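Beneath this line is the structure, given in structure tokens, with notes to follow.
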Amino acid sequence: MRHGKKVNHLGRKAAHRKAMLANMACSLIEHKRINTTVAKAKALKQFVEPLITKAKAENNKTADKGTHNRRIVFKNLRDKYAVSALFSEVSEKVGERPGGYTRIIKLGNRLGDNADMAMIELVDFNELYNAGKPAKKKSTRRGRNKKVDTPPVAVAETKTDDSEE
């Protein structure tokens with residue numbers, strides 16, 4: 001049983017797995033979508049989403065926090081061009097989003113070895129998928145929905161001919 005085992009080892013040693021995920025994350029940041037297997041896409045999603053959260057502007061308001069977050073992200077990605085792209089263009093697009101920066105779309109099976117394939121993409125960079133949807137206004141999630149009290153509508157009284165006499 002897999003109790004408490006969150007990491008998918010992907011059939012690799014730790015150093016190989018970390019290097020592979022770092023390379024895949026750099027490719028995802030550079031190209032905005034990549035094709036890979038479903039297992040690697042799920043592992044990459046867990047790897048890259050915390051890094052995107054660290055790159056958001058609201059987490060880097062002071063220079064100290066910004067420098068610290070850049071160093072943490074660089075430690076994981078090990079590519080200064082990917083880090084600069086993540087902190088500039090990607091963080092601008094995902095600034096309003098509270099999470100869920102990536103989307104995994106299953107593509108079917110690979111021809112050679114029948115592996116499950118998927119496309120992982122950054123959600124805000126897909127213009128075709130987001131074209132028909134209007135921009136949502138930002139709302140906070142609270143407990144239960146509170147009913148809006150609307151003022152009662154005054155009913156106009158109609159006079160009948162009998163009441164005039």
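Summary table below
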read-out: Long-range neighbours under 9 Å by Cβ, at least six apart or interchain, first residue free of Cβ contacts under 8 Å to residues at least 60 places away in the same chain within the stretch 101-117, second open to solvent by less than 80 Å² (accessible area, probe 1.4 Å) and part of a loop (DSSP other than H, G, I, E, B); value: TYR101/VAL94; ARG103/ASN126; ASN109/ALA115
read-out: Scan of the stretch 55-74 for residues that are surrounded by 11 or more Cβ atoms within 10 Å (Cβ to Cβ) and within 21 Å of the chain's Cα centre (by Cα), ordered by number; value: ALA55, LYS56, ALA57, ASN59, ASN60, GLY66, ASN69, ARG70, ILE72, VAL73, PHE74
read-out: Residue ID - nearest to TYR101 (Cα to Cα), chosen from residues in the stretch 116-132 that are at pLDDT 95 or above and open to solvent by 20 Å² or more (accessible area, probe 1.4 Å); value: MET119
read-out: Single match in LEU107, LEU28 (criterion: out of contact with any His (no Cβ under 9 Å at 6 or more places or on another chain), within 24 Å of HIS9 (Cβ to Cβ), among the aliphatic types (A, V, I, L, M) and open to solvent by 10 Å² or more (accessible area, probe 1.4 Å)); value: LEU107
read-out: Given (1) within 16 Å of the chain's Cα centre (by Cα); (2) farther than 23 Å from LEU128 by Cβ; (3) open to solvent by 100 Å² or more (accessible area, probe 1.4 Å), number of the condition ALA43 does not satisfy; value: (3)
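The values are calculated or read from the model by the stated rules, or taken from the named source; none is laboratory data. Please read these numbers as outputs of a predicted model, since none were measured by experiment. Because the Cβ atoms are built from the backbone with ideal geometry, glycine has one as well, and the counts that use them run over all protein chains shown. Note: areas computed on protein heavy atoms with side chains; ligands, DNA, RNA excluded. Shrake-Rupley method; radii C 1.70, N 1.55, O 1.52, S 1.80 Å.
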